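To start, the structure itself, in structure tokens.
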Amino acid sequence: MELLPRSPAEFGSARYWDRFFRQRGQRPFEWYGAFPELCPVLHKYVRPRDKVLVVGCGNSELSEQLYDLGVCEDIVNIDISDAVIRQMRERSAGTRPRMSYLLMDMLHMDFPDAHFQVVLDKGTLDALLTDEEEATLAKVDQMFVEISRVLQVGGRYLCVSLAQAHVLKKAVEYFSREGWVVRVHEVASSGDKQQFVLPVFVYVMTKFRKIPGSAAQILEICHEEQDKPMRVQSVEQLVAAVKDRQHYALLCSQISKTPCREQVSLDLCDKESGKPRYTLHLVDSPSVKPSRDNHFAIFIIPQGRETEWLFGTEEGRRQLAASAGFGRLLTVSLHREQHYQGMAGIQAELSGKVMELAPPGLPARQQVPFLSVGGDIGVRAVRHCASSPLSGDFVVEDVKGDGTCYFRRLIFLQNRNVVQSEARLLAPTPLPGQKKRRKDKKKASPTEPAGAIDKSYLCCEHHKAMVAGLCLLGGPDALPGELTVLVVGLGGGSLPLFVHDYFSQARVAVVEIDPSMLEVATRWFGFSQDDRMQVHVCDGLDYVAKLAAEAPAQYDAVMFDVDSKDLTVGMSCPPPAFVEKPFLQKVKNILKPEGVFVLNLVCRDARLKESVLGTLRAVFPLLYSRHIQGEVNEILFCQLGPTGRREPSELGARARALEGALRQPGRPWDSSYVLADMLQAVHII
């Protein structure tokens, strides 16, 4: 401890360093970055014939190792400590004739201009730039001026650093402003126990003649596993990229020592594009009793199934980890923009990286299993990509579900883990990676619909509950006669299609604000309009307000299944304006006295949810709720109350009668869809 400075300012004091090296004696002091780790980077930028200046050499063995291994020999070392210069001269006397040690201040060097091809700095800038006081920054500027002066054009300033944000930003801003090319290398770890948890970086600043009036910057980062550098557009992006690597190193250090109380998630990005390739979720199960073979496992989530409750929620992943029986389970989601070479290819690609996330106590050379559902990575085919001013970027994709079923999905990429709309496919065309049944079967183009839509199947549980809510309509008959329904929010059109097809006398009006969604529903999800199904492309708020003013009390049922584009609000469905009291009064006005208002509510903010429920109760005397198990969705059935409160037994009887009326000979019906089950868990709020 007596070797540490009393204040950061002492790092620039010759007296401090003399005392430091006298007390340390002959033992080499390496701040960070052992030679085997630095060598691959230094080999790229130091040539045997280069004349090299090492600033702030201390008693590091770096220069000696460069000399002894033949990387280069013409090396000049300088330091402000007389004690260390005398010590290092003695160490190299007679064995390294072309290497010299000089007592010199790097802020005021005696060398002529353009004297060196390489200036090497191992920790010196970090030691000098301990704060951002004016005097410190002035010293750093002087250091950079001197380094620039003694370097030839085309020469390289190689700075080994821990890359604290203020240090990196200062160096990059200065040299990029001078027209130099800036590249930051992350140094590959040797895997040995290190003095520092944070990774070591090498800044490579290549000197070019400054072009007057040019503001062009060349900024690059090269991660330890990359040979090809990645270009970034600004100093801020470069600093952020380095910070990401530092956070990852800290995370790996932390989780290698102690189990995680909370789930950890991170993205692994593609080397070329920088886009996310894998999303990892790390789940520790303290209840699992450790044995030699159950410490750690990797679970590959099949493509297209990452949105399922078991894989897409914290509680689901916790249950998956417990049932798998491993102390630490790392789930891996695959991204739709990426191509994968099967399970073996993914395993080869991830094996090295996932071991950085291994739990404490993992036996040496332990084989870590890769698990999946059915042993494969699933199938996903993107059929359509587009962008809308209202909905942003979106995709339509076909995926293989559990078993033999295939599904078509609409995904808004701003919320890519949520399935916006889903439909089951009938006899789909084989997707990429699937075998065709007949050799002469023509492969569908990815831009054309493949497979017919099963309109009898409601994929979404909340849609099933919304349809079951029609049992609340008044009247003695289980199946209402002429039924008028307003659906706000089209999506893929599954909900209005089902009502249209199974309630043969229903007249359905759909309001959709985004014309792109009508095109998607028609082209990709089998949606069509006729005299009983009409779509109005407009804002639902305006449409309902106009109806309330011009034609009140005309709908038996009003259904809201509309998402919010504002992800900052704790309610993703519906937008807040749809549940404000003045607007709900308008919804009440367009309902018939015995009608029902059905609302799909997705709200994670407990206070906001309670406020919404309070507003609904203030407008509608009767309020029923049906929570969708395993999801955030809650379906609310709101009525004006002339028929009175219906008990669960009455609701069940009406649901069974309605289902019986809907199940007609020759008409397909999903046997798993039992209306009475949908209403069994309904409770009055």
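Percent antiparallel among DSSP beta bridges with both residues in the chain, to the nearest 5? The antiparallel fraction comes to roughly 55 percent. Using only Cα atoms, what Kirkwood radius does the range 72-211 have, in angstroms? With all distinct Cα pairs of the range 72-211 included, I get 16.3 Å. Here the range 474-629 exposes an accessible surface that is 50 percent carbon and sulfur, computed with a 1.4 Å probe and the other protein chains kept in place.
Treating r as the C-beta distance of ALA165 and LYS257 and R0 as 35 Å, the FRET efficiency rounds to 0.90. The DSSP beta bridges internal to the range 458-684 are antiparallel in roughly 45% of cases. Solvent-accessible surface of the range 458-684, averaged per residue with a 1.4 angstrom probe and all protein chains in place: 40 square angstrom.
Could you tell me the calculated FRET efficiency between HIS339 and GLN142, based on Cβ-Cβ distance and R0 = 41 angstrom, to the nearest 0.05? Mind showing how you got there, number by number?
Values: r = 52 Å, r/R0 = 1.26.
That gives a FRET efficiency of 0.20.
Sorting 89-100, 107-118 by their mean Cβ neighbour count within 10 Å, with the most densely packed peptide first, gives 107-118, 89-100.
Against the empirical curve 2.2 N^0.38 Å, the C-alpha radius of gyration of the range 216-280 lands at a ratio of 1.30.
Orientation-averaged projection of the chain equals 40.2 nm² [convex hull of Cα atoms, one quarter of hull surface area]. If you sort LEU280, LEU622 by accessible surface, 1.4 Å probe, largest first, the order is LEU622, LEU280.
If you average the alpha carbon positions of the range 375-425 and of the range 491-548, how far apart do those two centres end up, in angstrom? Going from one Cα centre to the other spans 21 Å.
Between ALA452 and ALA188, the simple label model (points 7 Å from Cα in the Cβ direction) yields a spacing of 5.7 nm. Give a quick list of GluC sites (Glu not before Pro) in the range 582-685 that DSSP marks as loop, anything other than H, G, I, E or B, with at most 15 other Cβ atoms within 10 Å. Passing sites in the range 582-685 are GLU631. Only protein heavy atoms count here; under a 1.4 Å probe, THR404 has an accessible surface of about 120 Å². Taking the chain as the reference, fit the longest principal axis to its C-alpha atoms, fit the long axis of helix 515-524 to the helix C-alpha atoms, and give the angle between the two in degrees, 0 to 90, nearest 10. Computed tilt is about 80 degrees. The count of lysine pairs in the range 208-290 whose Cα atoms are under 24 Å apart, excluding pairs fewer than 8 places apart on the same chain, comes to 7. Normalised by 2.2 N^0.38 Å, where N is the number of residues, the alpha-carbon radius of gyration of the range 279-326 equals 1.16. For SER671, the solvent-accessible surface with a 1.4 Å probe is about 90 Å², rounded to the nearest 10. ASP82 label point, 7 Å along Cα→Cβ, cut-off 14 Å on backbone N: hits in the range 101-123? Answer for the range 101-123: 103-105. Sequence-ordered 3J(HN,Hα) estimates for the range 580-591 from the Karplus curve with 6.51, -1.76 and 1.60 and θ = phi - 60° stand at 7, 4, x, 6, 4, 4, 5, 4, 4, 5, 8, 7 Hz, glycine and proline given as x. Subtracting the Cα-Cα distance of ALA549 and GLU631 from 0.36 nm times their residue separation leaves 25.9 nm of extension gain. Using C-alpha pairs below 8 Å separated by at least 6 residues, the relative contact order for the chain is 6 percent.
Near ASP454, the amide H atoms lying under 5 Å from its own belong to ARG424, LEU425, LEU426; only residues 5 or more places off or on other chains count, and H is placed 1.01 Å from N. Sparsely packed loop sites in the range 575-651 (the trypsin sites (Lys or Arg not before Pro) outside DSSP H, G, I, E and B with at most 13 other Cβ atoms within 10 Å) comprise ARG604, ARG645.
Assuming 0.36 nm per residue, please report the length gained on full extension of the stretch THR615 to ASP539 beyond their Cα-Cα distance. Before the final figure, lay out each step's value.
Details: separation 76, 0.36 × 76 = 27.36 nm, distance 2.19 nm.
Using 0.36 nm per residue and subtracting the Cα-Cα distance, I get 25.2 nm.
In this label model, LYS210 and GLU61 are separated by 4.1 nm, measuring between points 7 Å along each Cα→Cβ vector.
Go through TYR555, TYR406 and list them by solvent-accessible area, largest first, probe radius 1.4 Å.
Greatest to least solvent exposure: TYR406, TYR555.
Between THR484 and ARG507, ASP556, ALA557, the built amide H atoms are under 5 Å apart, and every one of these is 5 or more places off in sequence or on another chain.
Heavy-atom accessible area for VAL119, with the other protein chains in place and a 1.4 Å probe, reaches approximately 0 Å².
Taking the range 245-379, how much of its Cα-Cα pair set, in percent, is spaced more than 18 angstrom apart? Each step should come with its number before you reach the end.
Values: 4743 of 9045 pairs.
Every Cα pair in the range 245-379 considered, those over 18 Å come to 52 percent.
Coupling constants for the range 617-627 follow from the phi torsions by the Karplus curve (6.51 cos²θ - 1.76 cosθ + 1.60, θ = phi - 60°), and in residue order they are 5, 6, 9, 10, x, 10, 9, 10, 10, 9, 7 Hz; glycine and proline get x.
The calculated P(r) of the range 77-123, using every Cα pair and 10 Å bins from 0, goes 22, 53, 25 in percent.
Using θ = phi - 60° in the Karplus curve 6.51 cos²θ - 1.76 cosθ + 1.60, the 3J(HN,Hα) couplings for the range 36-49 round to x, 6, 7, 3, x, 6, 4, 4, 6, 10, 10, 9, x, 8 Hz; x is entered for Gly and Pro. Fraction of C-alpha pairs exceeding 18 angstrom in the range 452-553: 50 percent, rounded to a whole number.
Extents of the range 458-684, largest first, come to 47, 41, 39 Å (Cα atoms, principal axes, whole angstrom). In terms of accessible area, using a 1.4 Å probe and ignoring ligands and nucleic acids, LEU371, LEU69, LEU282 rank largest first as LEU69, LEU371, LEU282.
Work out, in µm²/s and without decimals, the Stokes-Einstein translational diffusion coefficient of the range 565-657 at 10 °C, 1.306 mPa s, Rh from Kirkwood over C-alpha pairs. Provide the component values of the computation, followed by the final result.
Values: Rh = 14.2 Å.
D = 111 µm²/s.
Solvent-accessible area per residue in the range 255-359 equals 48 Å², computed with a 1.4 angstrom probe and all protein chains kept.
The values are calculated or read from the model by the stated rules, or taken from the named source; none is laboratory data. These numbers were taken from a predicted model, which means no experiment stands behind them. In this analysis, Cβ positions are derived from the backbone assuming ideal geometry, glycine residues included, and neighbour counts consider all displayed protein chains. Note: accessible area is taken over every heavy atom of the protein model, side chains too, but ligands, DNA and RNA are not part of it. Shrake-Rupley method; radii C 1.70, N 1.55, O 1.52, S 1.80 Å.
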